[in-house]
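Read the figures in this text as sums done on the coordinates, not as results from a lab. If you're wondering where the values come from, they're calculated on a predicted model, not measured in any experiment. For neighbour counting, all protein chains shown are included, and Cβ atoms are generated from backbone atoms with ideal geometry for every residue, glycine included.
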Amino acid sequence: MRFDVFTLFPEIFESPLQVSILKRAQEMGRLEVVLHNIRDYATDKHHVTDDTPYGGGGGMVMKPEPIFAAVESVLGEALGEVPVILLTPQGRLFTQDVARELARHERIALICGRYEGVDERVRQHLATDEISIGDYVLTGGELPALVIIDAVTRLLPGVLGDPGALIEDSHTWGLLEYPHYTRPAVFRGWAVPEVLRSGHHAEIARWRRQQALRRTWERRPDLLAKAALSEEDRAFLQTLGWNAGDELVNEWENE
Ligand code: ADE
């Protein structure tokens, strides 16, 4: 999978791409990240990439010409086939489902905005999608681009040493993950739950499922509305005080 990243600060990407799984994915040939400095596509003498906003007000706006020039020249013939994603707090929310959707593409272009924003014509006539990584405002789209590259790369076949890790992930089944323990069996008097040391696989699987359900109910009850729940799951959740449909009621109340 290839990411073309358009940014004014390519150096932000250097160290995250040089360690651990992202590094290995590149060495394996599963991941290619090509950084393009938008400034290189500004044609004026000083390579200006921003300007004051029409209508006044504070801050600067990223000019459209260098961004269009960069994306058009890099994508060339592929323009129209490759998703061109603008990172913006106004975009659709990035979730594990969106990561899975993006992982199906061979190539993706990411445009990192800076300053107060990007000229609206980039959004209207160049970007094919807009993504936000959460309801908060960062100084630019570079960290969101890295978040997306990271979340998508670990879904690519062969990238994780243990593919089972993907199946058990928080959010894969719409639930938070169960707790993990490793040696020692007792640390500072805190013991690992007995069931995990029992070697009884069916019991362990049941305990983990119940822990995942309990955690999700306690921390993110909103997720239960969309999770795939069995009859047994529902019965267990009801012992905790959950009623199907509760989340919807809460959502309405919050509006
Ligand atoms: N740029 C600034 N904040 C952002 C966010 N939350 N998501 C994506 N891009 C951003």
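Of all the listed residues (Ala127, Ala109), the sole one being within 13 Å of the ligand (Cβ to nearest atom) and crowded, with 19+ Cβ neighbours inside 10 Å is Ala127.
Identify, from the list Arg104, Arg2, Arg100, Arg30, the residue that is free of Cβ contacts under 8 Å to residues at least 24 places away in the same chain and either within 28 Å of Trp173 (Cα to Cα) or within 25 Å of the chain's Cα centre (by Cα) (or both).
Values: Arg2 fails: free of Cβ contacts under 8 Å to residues at least 24 places away in the same chain; Arg100 fails: free of Cβ contacts under 8 Å to residues at least 24 places away in the same chain; Arg30 fails: free of Cβ contacts under 8 Å to residues at least 24 places away in the same chain.
When all the criteria are applied, what remains is Arg104.
Within region 130-139, being assigned to a loop (DSSP other than H, G, I, E, B) and near the ligand (Cβ under 6 Å from one of its atoms) holds for Ile133, Gly134, Tyr136, Val137, Leu138.
Just so you know, in region 112-124 the residues that are among the acidic types (Asp, Glu) and assigned to a loop (DSSP other than H, G, I, E, B) include one that is surrounded by the most Cβ atoms within 10 Å (Cβ to Cβ), and it is Asp119. If the condition is being in contact with a strand residue (DSSP E or B) (Cβ under 8 Å, 6 or more places away or on another chain), more than 22 Å from Asp50 (Cα to Cα) and either among the hydrophobic types (A, V, I, L, M, F, W, C) or buried (at least 16 other Cβ atoms within 10 Å of the Cβ) (or both), then region 133-151 contributes Ile133, Ile148, Ile149. Scanning region 79-101 for residues that are assigned to a strand (DSSP E or B) and either more than 10 Å from the ligand (Cβ to nearest atom) or of a type in the set (A, V, I, L, M, F, W, C) (or both) turns up Leu79, Val82, Val84, Ile85, Leu86, Leu87, Arg92, Leu93.
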